[in-house]
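What follows is a short report on a single structure.
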Amino acid sequence: MSTSALMASNSTGKRGAFIVFEGLDRSGKTTQLQKLVDRLQQDGVNAAACRFPDRTTSTGKMIDSYLGSKSDLDDRAIHLLFSVNRWERAKGILSELEQGKTVVCDRYAFSGIAFSAVKGLSYEWCLSPDVGLPAPDLVLFFNVSAKVQEQRSGFGQERYETTEIQKNVRAMFEKIGKDVGHSWEVVEGDGGLEEVGEEVLERARRVIKGELGPVRELWKDRSGVIVDNSDPGGTAHFLSSFVSDHVCASYSYNIIHYTCFAHDCLVSFTSLAASTLTGRFLSFSNSAMTVLAACPFELQAIA
């Protein structure tokens, strides 16, 4: 069964909840994840843990070598490997959810964005490979102070575990949390093990007992992605951000040559002679494209 078909089939019956733990390295999330799964199982909830990266797969072994500083890879290459690693498990996660199993995951696509974006890659480009992955019902972000983080056992053993990188990653996670919205909740990880554990359990129970509709597709509620073909770095913009930054802020913008990815549509548009974009331009509804008349450019579908 295809990924989309599995998602659609979740509209009937009680499915499992998809809960993701995110946070800085050594924030205590891995310990709390296992405690949560154990408590849920004691409650009679069919629950299982998963972890990203999954270091048992072929891509996972490459990632493991990279994280252990045993090999070097281009920043874009390692980012895409992380995404592939998640896609390898996507159907399995959906199948478990469909069977009524609650899946609690240690890290997910949000870590991929945070750690790659702080290396200078475009934020929107970092999001794009994960569009369509199963979206979590709840993301618990474990916030921990730098002092506590550095005092915890094992800090500094892997590539990204430096004070400066973790500081920048923390700021990036804050941005991601705003984009994710209401399903992103912060857990203060400096507290005691039992205290934090009870808070996590309460939040998880609330979601599991709530009304769970069909599994959403990650980032599909965004308006689309615009890639600047004139930029050798392949700078990408989410359509909503692009409108806000370049249109709503009263900027004029020269459209040279862009490719626009909106859900399953792939279109390109080029500017008319010396024209600029000074008002609204594109509106997307699912896979349907609407071109507002005020837009001074032409749109051509690519087969």
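The values are calculated or read from the model by the stated rules, or taken from the named source; none is laboratory data. It should be emphasised that the depicted structure is a prediction, and the values quoted were computed from it without experimental measurement. Cβ: placed from backbone, ideal geometry, glycine included. Neighbour counts: every protein chain shown.
Return only the number of the condition from (1) touching a helix residue (DSSP H, G or I) at 6+ places or on another chain (Cβ under 7 Å); (2) at pLDDT 95 or above; (3) over 12 Å from F18 (Cβ atoms); (4) of a type outside the set (K, R) that S111 does not satisfy.
Here S111 clears every test but (1).
Within the range 11-39, can you find the residues that are assigned to a helix (DSSP H, G or I), of a type outside the set (S, T, N, Q) and surrounded by 22 or more Cβ atoms within 10 Å (Cβ to Cβ)?
K29, L33, L36
Among the numbered conditions (1) under 20 Å from L33 (Cβ atoms); (2) crowded, with 19+ Cβ neighbours inside 10 Å; (3) in contact with a Cys (Cβ under 9 Å, 6 or more places away or on another chain), tell me where G92 comes up short.
Evaluating G92 over (1) under 20 Å from L33 (Cβ atoms); (2) crowded, with 19+ Cβ neighbours inside 10 Å; (3) in contact with a Cys (Cβ under 9 Å, 6 or more places away or on another chain) leaves (2) as the failure.
Say whether the condition of being charged (D, E, K, R), in the same structural domain as N168 (by TED's automatic domain parsing), in contact with a Leu (Cβ under 8 Å, 6 or more places away or on another chain) and crowded, with 19+ Cβ neighbours inside 10 Å is met by at least one residue in the range 107-117.
no
Looking at E194, E164, E158, which one is modelled with pLDDT under 90, in the same structural domain as K35 (by TED's automatic domain parsing), over 15 Å from the mean Cα position of the chain (by Cα) and part of a helix (DSSP H, G or I)?
Result of the check over E194, E164, E158: E164.
In the range 53-72, which residues are farther than 26 Å from P134 by Cβ and in a loop (DSSP other than H, G, I, E, B)?
Answer for the range 53-72, where residues must be farther than 26 Å from P134 by Cβ and in a loop (DSSP other than H, G, I, E, B): G68, S69, K70, S71, D72.
Can you say whether V215 is of a type outside the set (S, T, N, Q), assigned to a loop (DSSP other than H, G, I, E, B) and at pLDDT 95 or above, as far as the supplied structure shows?
yes
Yes/no per residue for (1) touching a helix residue (DSSP H, G or I) at 6+ places or on another chain (Cβ under 8 Å); (2) touching a residue at least 12 places away in the same chain (Cβ under 8 Å); (3) farther than 26 Å from V169 by Cα:
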position: A48; (1), (2), (3): yes, yes, yes
position: T56; (1), (2), (3): no, no, no
position: G60; (1), (2), (3): yes, yes, no
position: K70; (1), (2), (3): no, no, no
position: F82; (1), (2), (3): yes, yes, no
position: E88; (1), (2), (3): yes, yes, no
